[in-house]
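Some notes on the structure that comes next.
Quick note: the coordinates plus some simple rules give every number you see, no bench work behind them. Everything numeric in this text was worked out from a predicted model, so none of it was measured. Virtual Cβ from ideal backbone geometry, glycine too; neighbours counted across all protein chains shown.
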């Protein structure tokens with residue numbers, strides 16, 4: 001019996017049946033078929049607990065949402081303290097929490113002047129794309145093939161067909177895609193001087209964290225400048241210290257015109273996102289500040305949490321820990337790759353963002369499953385299933401990092417076995 | 001919330017939201033950082049460890065006077081020139097003392113068919129007192145380095161600023177010499193609840209507790225391994241075989257040293273009746289003031305107003321204390337001597353005083369002296385130190401065997417003697433008070449207490465041969481491996497897989513190239 005007070009389930013099977021019946025049959029079935037029968041029950045720090053009681057180390061972190069781990073005590077205390085005073089607030093009025101958080105964010109981001117809040121990453125992307133259109137009075141948006149910026153109207157149109165065509169939301173005439181790391185293709189796309197914005201994840205996450213080629217992002221920036229297109233950095237997965245600096249674009253020395261952040265900004269306990277824009281992109285905030293309205297975007301509760309998230313990320317201890325974790329996995333993945341070179345063929349890394357490449361079209365699906373069986377939850381890249389997304393949190397300690405590596409080692413024979421099976425591995 | 005309350009809050013600058021305790025969260029992160037540093041440092045070889053120890057000792061030595069002045073200014077206790085000396089003694093001489101103690105390399109013993117591998121504790125939580133803040137910090141930092149541990153300091157709040165600065169300085173010196181960053185850290189805002197939480201952390205491997213009795217007990221109650229030391233209250237016996245002149249000079253030097261803040265300082269003089277007069281003359285000649293009965297009463301009232309030591313007097317000068325107590329002494333006076341007739345709980349002046357005030361009691365013979373000494377220790381100071389002045393070897397031995405202490409300093413100043421600076425005891429700011437003093441260690445604490453050994457023990461049957469270790473080595477990591485800055489971005493995209501693999505193999509070889 002799983003009694004949660006408000007509701008209860010007899011068993012995990014009971015839950016799965018209800019999830020299929022009332023929630024999402026396709027998603028529920030997908031994971032069962034993939035051999036990942038996870039239903040997250042308890043959660044604490046970097047641990048998830050399945051309804052069976054089995055413990056998993058979380059290296060998925062929902063793309064950095066759980067950067068600080070699950071239910072980080074300091075953030076939980078922050079939200080509780082906010083709830084004793086604030087609620088979501090009235091989005092029509094200036095507010096202490098929103099103003100304070102906006103200032104806090106802007107001060108982390110040289111070149112930016114305003115923070116415009118949303119409730120999720122997709123909304124922040126909507127704001128960015130609308131801002132680009134307002135500022136340039138152009139309509140077209142360029143993104144990269146296999147890029148990912150969310151599932152809402154404009155954002156989904158920038159991304160992979162898999163998510164847009166099914167809902168007839170693709171708009172090829174306005175949303176153009178170019179190959180990643182292909183600067184000539186971008187030049188051709190922007191050359192007509194009719195593109196409002198070029199949006200790019202600083203390291204494309206859902207594509208499996210392929211690293212931008214040396215100088216690529218700066219070359220993109222330069223092309224944008226040349227053709228009057230705004231450079232929009234999507235920092236939803238690369239921001240918040242995960243690359244070793246607050247924002248990924250800072251580590252590449254590339255100055256965006258505007259950028260978006262989300263996921264971990266709410267510490268995994270309150271949804272909030274933001275689009276930060278430079279003064280020159282902030283025109284509509286002067287002309288008609290209510291042109292974009294969001295009841296839950298910039299909730300004051302989220303602002304208090306986000307304010308604390310930024311504060312925590314700026315602590316020298318956190319920055320040092322990110323370095324330690326990054327160095328540790330740099331060394332250990334290199335060592336493992338040397339040892340398992342038959343299947344483990346590449347490591348992409350910047351800070352605590354890692355993509356591990358496996359020599360099979362669905363290699364990461366098999367490895368994800370093998371790791372799951374060995375107590376580690378890391379998800380494959382949806383748009384490149386050769387690559388396992390490997391996302392350690394910024395507060396991981398040495399002992400747990402070592403345990404992760406030990407468990408990966410133990411999982412390798414099983415991964416090999418799954419990969420040898422003909423056809424689909426999972 | 002009622003409107004009335006709201007109205008009041010409008011005029012109140014106190015935060016309207018109850019913020020979570022930042023110090024606690026930051027300290028937890030510091031412990032994790034120490035965990036990383038300790039992990040990396042545990043793989044360093046002896047040459048690297050000694051190089052870092054020397055670099056830290058040098059930084060400590062260079063700043064010895066700077067921090068002595070700072071500590072006196074911040075805490076109001078002690079004497080700058082004496083603190084300078086203590087700080088200096090806790091730098092190079094400490095490393096000199098342990099120069100030949102190898103806590104890094106494995107030991108192979110073919111006769112016992114055994115190999116012993118040192119394993120550092122990991123993360124040390126080190127408490128430092130207000131009385132000896134910097135010398136204790138220097139000492140514990142060097143102990144940590146010599147044993148390849150990371151250390152995180154929790155300073156006494158009275159000495160918070162100088163300790164934070166000194167820890168940062170030693171950390172910088174260590175890192176510059178190749179140590180992993182985060183090896184030496186300091187809690188910024190120590191408080192009782194914070195220190196208690198840290199002491200109970202399962203990421204702390206051992207607590208080095210120096211401080212008040214309650215703090216030491218809290219360390220032992222934390223659930224973590226702890227080395228805590230109890231308070232001192234050294235009884236000093238002046239035998240009729242002693243030379244009164246030299247004994248008095250040593251005692252006054254010792255008792256006035258840093259205004260008596262070392263826990264090893266003399267507390268109660270037990271003078272053989274046959275030497276009483278000569279000894280009093282010698283004390284006066286050495287710079288002591290012998291108090292009249294009225295002055296003794298004034299001192300007692302000032303120092304122990306309600307039976308407990310008045311902390312305002314700790315580390316203050318004899319002249320200042322006399323003045324506070326209500327009488328005057330000439331400015332050259334270094335020590336106040338208060339003749340008493342009782343020892344034990346009925347006479348507060350026979351308790352630990354931590355200021356240049358000595359109690360003095362005349363005893364009829366050696367046996368009586370030993371008995372009174374033990375009576376004093378029964379009240380406080382068990383397991384700590386005592387001193388013996390005299391030439392009679394039998395009595396020295398009998399004195400030491402009768403007393404509940406683990407060190408008896410003979411014919412030397414006790415402050416410096418028990419702490420290992422005027423004797424061949426280990427130089428230490430942690431005087432193990434052992435089982436008498438409710439502690440786990442009875443000797444002066446050294447780096448050897450922060451390392452345990454993994455022993456490979458072969459079958460002792462002669463038919464099973466011992467292995468040949470002549471060509472076997474432990475693998476160490478090059479000192480710079482753990483302290484490197486944030487990783488460079490992985491190989492740029494576009495590099496083909498073979499090249500990437502080569503790059504990684506090169507990297508690996510680089511990492512293991514420093515193997516010895």
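If you take each beta carbon of peptide A:306-317 and count the beta carbons of other chains within 10 angstrom, what is the mean? Don't skip to the end; give the middle numbers.
On the way: counts 0, 0, 4, 0, 0, 1, 4, 0, 0, 5, 6, 12.
Per residue, the number of nearby Cβ atoms from other chains is 3 on average.
Quick one: grab the alpha carbon gyration tensor of the range B:22-229, order the square roots of its eigenvalues as a ≥ b ≥ c, and give me rounded if a/c is under 1.5, else prolate or oblate depending on whether a/b is larger than b/c.
Details: a/c = 1.71, a/b = 1.24, b/c = 1.38.
Cα axes put the range B:22-229 in the oblate bin.
So for the protein assembly as shown: antiparallel DSSP bridges make up what percent, rounded to the nearest 5? Write down the numbers at each step before the final one.
On the way: 41 of 98 bridges.
Bridges in the protein assembly as shown that DSSP calls antiparallel: roughly 40 percent.
What spacing in nm lies between the two simple spin-label points modelled at residue B:473 and residue B:292, each 7 Å away from Cα in the Cβ direction?
7.7
What is the helix-to-structure angle for B:64-75, meaning the angle in degrees between its Cα long axis and the longest Cα principal axis of chain B, kept from 0 to 90 and rounded to the nearest 10?
Computed tilt is about 60 degrees.
What distance in nm separates the two pseudo spin-label positions at residue A:173 and residue A:6, each 7 Å out from Cα along the beta-carbon direction?
Label-label distance for residue A:173 and residue A:6, simple model: 4.5 nm.
Output the antiparallel fraction of DSSP beta bridges having both residues in chain B, as a percent to the nearest 5.
Details: 11 of 51 bridges.
Bridges in chain B are about 20 percent antiparallel.
Taking a virtual spin label 7 Å from the Cα of residue B:47 along the C-beta vector, which residues in the range B:91-128 bring their backbone nitrogen under 19 Å of it?
B:99-107
What percent antiparallel are the DSSP beta bridges of the range B:22-229, to the nearest 5? It would help to have the intermediate numbers written out before the result.
Numbers: 3 of 18 bridges.
The answer is about 15 percent antiparallel.
Per residue of A:392-398, count partner chain C-beta atoms within 10 Å of its C-beta, then hand back the mean as an integer. Mind showing how you got there, number by number?
Working: counts 0, 0, 1, 4, 2, 9, 12.
The shielding value for this peptide is 4.
To the nearest µm²/s, what D does Stokes-Einstein give for the range A:74-313 at 10 °C and 1.306 mPa s, using the Kirkwood radius over alpha carbon pairs as Rh? Mind dumping the intermediate values first?
On the way: Rh = 17.8 Å.
This corresponds to a translational diffusion coefficient of 89 µm²/s.
Please find, in a Gaussian network model of chain A (springs between Cα atoms separated by less than 10 Å), the residue of A:343, A:272, A:353 whose mean-square fluctuation is greatest.
Of A:343, A:272, A:353, the most mobile in the Gaussian network model is A:343.
Ranking B:221, A:81 by Cβ neighbours within 10 Å, fewest first, what do you get? Please list the in-between numbers first.
Working: B:221 12, A:81 18.
Sorted ascending by nearby Cβ count, the order is B:221, A:81.
Using only the alpha-carbon atoms, how far is helix B:160-176 inclined from the longest principal axis of chain B? Give it as 0 to 90 degrees, nearest 10.
The angle comes out near 40 degrees.
Using only the Cα atoms of the protein assembly as shown, build the gyration tensor, take square roots of its eigenvalues as a ≥ b ≥ c, and label the shape rounded, prolate or oblate: rounded if a/c is under 1.5, else prolate if a/b is larger than b/c, else oblate.
Details: a/c = 2.66, a/b = 1.95, b/c = 1.36.
Because a/c hits 1.5 or more and a/b exceeds b/c, the protein assembly as shown counts as prolate.
Given labels modelled 7 Å from the Cα in the Cβ direction, how far is it in nm from residue B:165 to residue B:452?
It is 3.9 nm.
Taking the number of other C-beta atoms within 10 Å as the exposure measure, put B:430, B:50 in order starting with the fewest.
Working: B:430 26, B:50 18.
With the sparsest Cβ surroundings first, the list reads B:50, B:430.
Going by C-beta contacts inside 10 Å, put B:207, A:379 in order with the fewest on the left.
On the way: B:207 26, A:379 20.
Placing the least packed residue first, the sequence is A:379, B:207.
Determine the calculated [θ] at 222 nm for the protein assembly as shown from helices alone, applying -39500 (n - 2.57) to every DSSP H run no shorter than 4 residues and normalising by the residue count; nearest 500 deg cm²/dmol.
On the way: 33 runs with 376 residues, N = 942.
The helix contribution divided over the protein assembly as shown gives -12000 deg cm²/dmol.
Rounded, prolate or oblate: pick one for chain B, where a ≥ b ≥ c are the square roots of the eigenvalues of its C-alpha gyration tensor, a/c under 1.5 means rounded, and failing that, prolate if a/b is larger than b/c, else oblate. List each step's numbers first, then the result.
On the way: a/c = 2.37, a/b = 1.47, b/c = 1.61.
Here chain B falls in the oblate category.
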